[in-house]
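Asks: Dumping the structure here so I can ask a few things about it.
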Amino acid sequence: MAALIAENFRFLSLFFKSKDVMIFNGLVALGTVGSEELFSVVAFNCPCSPARNYIYGLAAIGVPALALFLIGVIWNNHTWNLVAECHKRGTKNFSAAATFLLFGSIMGRAAVAPVTWSVISLLRGEAYICALSEFVRPSSLDKFPAEYGADVLARFPCKDVPANLTKFRDDVTRRLRYESQLFGWLLIGVVAVLVFLTKCLKHCCSPLSYRQEAYWAQYRSNEDKLFRRTAEVHSRILAANNVKHFFGFVALDKEEKELVQEFPVEGVQPSPQWNAITGVYIYRENKGFPLYSRLHKWAKGVEGNGPSPEGHEMLFLAS
């Protein structure tokens, strides 16, 4: 039984590692749903006033979506790799397709949360009803009293209407909720089709086999984890050496003493080395051998960033 449980846990671990991007996007979507629900319950409060409803309703959908989009762009490593690439080397080494792909990757990742927010807002319907209730034509409502106008229609989302208009308020609310949910479902369908076409295009344009592409993803993940772990240890040992040089001693715990003894650090890497391994990287080959990252290319001593005559550029980025 213990062996079976251990095997199941190992399988789940491998699954999650191989699907890290999909799971991350799913977690972002779930977090956005929870945030939208909390916002609707706690913060959303339609002003129910002509000319204010429309601005407030659109702001309730658009402003959080814009903020989530910008946060997604900031959190994407490709964004800062692109900034470093433009600052150090420019984009002259990238083809138009590669540049388009890079921006598409950044925008696509960043769009997960705002699209989820917009879809949930439209399916709930409160913001849409608030924004458009005053624009419903009274003539479209059967036997609507002529003495009432847009000012009364604007109060429909707050249910603050005369008793004789309750029936019309329910009709307007039902109609606007239907429109809002229809737009929400259409948005889901459009996004699903775009994701499907993007995945198909990515695999069709890739010169790699499925197994090599999976190996590349594993390599990039392992390289990133080992680099971060090693950089943390290296910086700690370097800091300990500098503190000891200043004070004459350094207060280390048992684990840190073992690290200092096991991994002697003499100095730091020069800036040209950091620049060589920093920036945007799109898969390339050199004389038929794959180069899976900037660090891999630097370790092999390959110069330049553009595709060599013996190699080619693959038009999609590593996850």
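Asks: Looking only at segment 126-151, count every residue that is farther than 15 Å from Pro50 by Cα and assigned to a loop (DSSP other than H, G, I, E, B) and tell me the total.
Replies: Residues flagged as farther than 15 Å from Pro50 by Cα and assigned to a loop (DSSP other than H, G, I, E, B) within segment 126-151 amount to 7.
Asks: Residues being part of a loop (DSSP other than H, G, I, E, B) and surrounded by fewer than 10 Cβ atoms within 10 Å (Cβ to Cβ): count how many of those fall in segment 269-283. Before the answer, list the steps.
Replies: Taking segment 269-283 first, the residues part of a loop (DSSP other than H, G, I, E, B) are 269-270, 277-283.
From what's left, surrounded by fewer than 10 Cβ atoms within 10 Å (Cβ to Cβ): 270.
Of the residues in that region, 1 qualify.
Asks: Taking Arg211 and the conditions (1) basic (Lys, Arg); (2) exposed (fewer than 10 other Cβ atoms within 10 Å of the Cβ); (3) closer than 30 Å to Glu266 by Cα, which numbered condition does it fall short on, given that it satisfies the others?
Replies: Answer for Arg211: the failing condition is (3).
Asks: May I ask you to list the residues in segment 152-174 that are part of a helix (DSSP H, G or I) and open to solvent by 80 Å² or more (accessible area, probe 1.4 Å)? Before the answer, list the steps.
Replies: Residues of segment 152-174 part of a helix (DSSP H, G or I): 152-153, 156-158, 163-174.
Once the filter is applied, which keeps residues that are part of a helix (DSSP H, G or I) and open to solvent by 80 Å² or more (accessible area, probe 1.4 Å), segment 152-174 yields Ala163, Asn164, Lys167, Arg174.
Yes/no matrix, rows are residues, columns are (1) outside any helix (DSSP H, G or I); (2) over 22 Å from Leu295 (Cβ atoms); (3) hydrophobic (A, V, I, L, M, F, W, C):
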residue	(1), (2), (3)
Arg229	no, no, no
His234	no, no, no
Ala240	no, yes, yes
His245	no, yes, no
Val250	yes, yes, yes
Glu258	no, yes, no
Gly267	yes, no, no
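Asks: Can you find, within segment 123-143, the residue that is surrounded by the fewest Cβ atoms within 10 Å (Cβ to Cβ) among those that are touching a Phe, Trp or Tyr at 6+ places or on another chain (Cβ under 6 Å) and over 15 Å from Cys46 (Cα atoms)?
Replies: Pro138
Asks: Being under 16 Å from Gly57 (Cα atoms) and under 35 Å from the mean Cα position of the chain (by Cα) is the filter here; which residues of segment 158-180 pass it?
Replies: Thr173, Leu176, Arg177, Glu179, Ser180
Asks: Only residues in segment 165-184 that are in the same structural domain as Pro138 (by the TED database) count as the first member; pair them with residues that are among the small types (Gly, Ala, Ser) and not in a helix (DSSP H, G or I), Cβ under 6 angstrom, at least 6 apart or cross-chain, and list the lot.
Replies: Arg177/Gly125; Ser180/Gly125
The values are calculated or read from the model by the stated rules, or taken from the named source; none is laboratory data. Note that this is a predicted model, so its numbers are computed, not measured. Neighbour counts are summed over all protein chains in view; Cβ atoms, including those assigned to glycine, are modelled from backbone coordinates with ideal geometry. To get the accessible areas, we keep the full protein, side chains included, count just its heavy atoms, and leave off ligands, DNA and RNA. Shrake-Rupley method; radii C 1.70, N 1.55, O 1.52, S 1.80 Å.
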